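Worksheet for the structure shown next.
Just so it is clear, none of the values below were taken in a lab; they were calculated from the coordinates. Everything numeric in this text was worked out from a predicted model, so none of it was measured. Every residue, glycine among them, receives a Cβ derived from its backbone with ideal geometry; neighbour counts consider all protein chains shown.
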Amino acid sequence: MKREKHIARKFMLVGRDTPFQYQEAFKSLRTNLKFLAMGKSCKKIIMTSAIPGEGKSSVSINLAVSLAEAGSKVLLIDCDLRKPALHRYLKLDKTSYKGLTHVLSGGALTDAILNMKSLNLHIIIADAIPPNPAELLGSARMKTMVEELEKHYDYIIFDTPPVSVVTDAAVLSQYADGVILVIRQNHATFDEVELAKRNLDTVHANILGAVLNDFDTKAVDKESGYYYSYNYDYDYEED
């Protein structure tokens, strides 16, 4: 299947001015997470995809915002230490802030947590791109950081690279309560999604479910029932 090398679409943030269906989609996702959490911990959540360009970073941001709007204390971490995107979506100059690489290299955690008051959540961006992302994410330092953070937040959302491309998300799954796979309609092939699931199963990751992104509602029989539309973006940064 031929794909665009560089997808560029307008980023939409959940809020009062966004379409009703868009808001309801994330409310539904938020509600489903809370049902999954009944009787067990489900606060540390990895967001990943099979391949680049499926919209996982924008889904991660909007899920975090939706959880924060419901009164939860939320931390969003950009764990894509190869081609980070959160700082671009949120219009942050990453050269002006310390981030995850700083912390995993021995820096102070408090220096890297940004308080995004306009979104009512905290964020750790990906700052310097290290030569060994998977090793850093699987390090004892990462484990210690997550253990400290979960004492202070209701939800921690990890935005990670595509799991069929690199091992980062699979490595991180040992510290998370579950994984959500973002799948863009007419983008990843069935085999690519199946490989992503297989990679997660290999490390015994707890797959919570999948988000169907950029869903074409015109292809749905309107008489078949209620439906939601996910029109997110993920503009995967070039080196």
Would you order 207, 113 from fewest to most other beta-carbon atoms within 10 Å of each residue's own beta-carbon? 207, 113
Find how much the distance from residue 189 to residue 140 grows on full extension, using 0.36 nm per residue of separation minus their present alpha carbon separation; answer in nm with one decimal. 14.1 nm
Can you give the net charge of the other residues whose Cβ lies under 15 Å from the Cβ of residue 139, counting K and R as +1 and D and E as -1? -2
Convex hull around the C-alpha positions of the range 60-147: the volume in Å³ per residue is 95
How much length is gained if the chain between residue 70 and residue 212 is pulled fully straight, taking 0.36 nm per residue apart and subtracting their Cα-Cα distance, in nm to one decimal? 48.9 nm
Relative contact order of the range 39-127, defined on C-alpha pairs under 8 angstrom at six or more residues apart (%): 30
If each part is reduced to its alpha-carbon centroid, the range 153-181 and the range 43-104 end up apart, in Å, by 11
Just to confirm the filter: which chymotrypsin sites (Phe, Trp or Tyr not before Pro) across the range 48-155 are DSSP coil and have at most 12 other Cβ within 10 angstrom of their Cβ? none
Over the range 20-224, relative contact order from alpha-carbon pairs under 8 Å, at least 6 apart, %: 30
Taking only the alpha carbons of the range 20-224, what extent do you get along each of the three principal axes, in Å, biggest first? 56, 37, 36
